[in-house]
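Everything below concerns the one structure shown next.
A short reminder: the numbers here are calculations on the coordinates, not readings from a lab. Predicted model, so just to flag it, every value in this text is computed and none were measured. As a convention, Cβ positions derive from the backbone with ideal geometry for all residues, glycine included, and neighbour counts pool all protein chains shown.
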Amino acid sequence: MGIADAFPKQGFFLGKEPNFANLDFVFERYTQLVLENGETWIANDSTAQGNPTFFAQGAFTFQSQTFTSITNSTVTTTTTATTTSVDPSSVRTNFANPSALVAANSATLGTGSVNFAVGSTQNIPFTIVTSSLYTDVSGRLAPSPGSRYQYEYDKPANVADITGAWVFNNLEKPAPQVTLQVSGTGSLSGRNATTGCAYSGALTPRPSGKNVFNVALTVTGCADAGDYAGVSYSFLREKVIIDGTSVPVLMLFAINTAKTRVVNLQMAR
């Protein structure tokens, strides 16, 4: 194990869920954002009320590394083991946080043990996220520039890319009536007509120069009322039925000062 393996790789990871009704694999519900300081934000789909079906946030550290050789033998290294050279297509590195902030089908946050693994199969990167509340396999790393997803983690965030109106995006399911407006200066306002929540605040490019916004958010008029801080980022997501086009989405996750509530806004336009 090298130093690069001690913390999760920076970047944005996007996972797919099989959609048997449409006989394709286009439900890109699972997202994982790892920032330059190791802070990790994990979320998947949303409920009809707009709450995350699963959410986790915290810093994750290396636990073990496993690989499978051509002869199918398995070797596991731990934090005290020496470096082992293996076929990179067979490596799986496990990370854990025993006290991550976690929510499931709710805006209420608690603490729980969350683990995830990154590795590759046939050189296709993937992420596995597991906890006592949730298990899923994410299908691939978000593509590089030039694909229809058009997300570049290493470029500076630009408010002009997200300026305008957004509506809540919940694929093929009833969704709350949420609207959000982002101005050219990064200020935001919005409303959840289902819950009565009103949103105001600002999105500012992250000082690290990565394609992520820091969020300062105030919520009023509902059970989620309070001041929140978090992250936001935008990318192009495939349409529900693949036709070669994509939908711009804006992901916004913010945690209140007491760390008891999370705001989950997964918007599109």
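Label sites at residue 259 and residue 64, each approximated as a point 7 angstrom past Cα along Cα to Cβ, lie 2.8 nm apart. Near the amide H of residue 60, within less than 5 Å, lie the amide hydrogens of 40, all on another chain or at least 5 residues away, with H placed in the peptide plane.
Remark: segment 50-59, residue by residue, has Karplus-estimated 3J(HN,Hα) of x, 7, x, 5, 8, 8, 8, 9, x, 9 Hz, where x stands for each Gly or Pro and the curve is 6.51 cos²θ - 1.76 cosθ + 1.60 at θ = phi - 60°.
Pulled fully out, how much extra length does the chain show between residue 99 and residue 10, if you take 0.36 nm times their separation in residues and subtract their Cα-Cα distance? Let's see the in-between values first.
Values: separation 89, 0.36 × 89 = 32.04 nm, distance 2.06 nm.
Extending this stretch completely gives an extra 30.0 nm.
Annotation for residue 179 and residue 247: the two label points, set 7 Å from Cα along the Cα-Cβ direction, are 1.8 nm apart.
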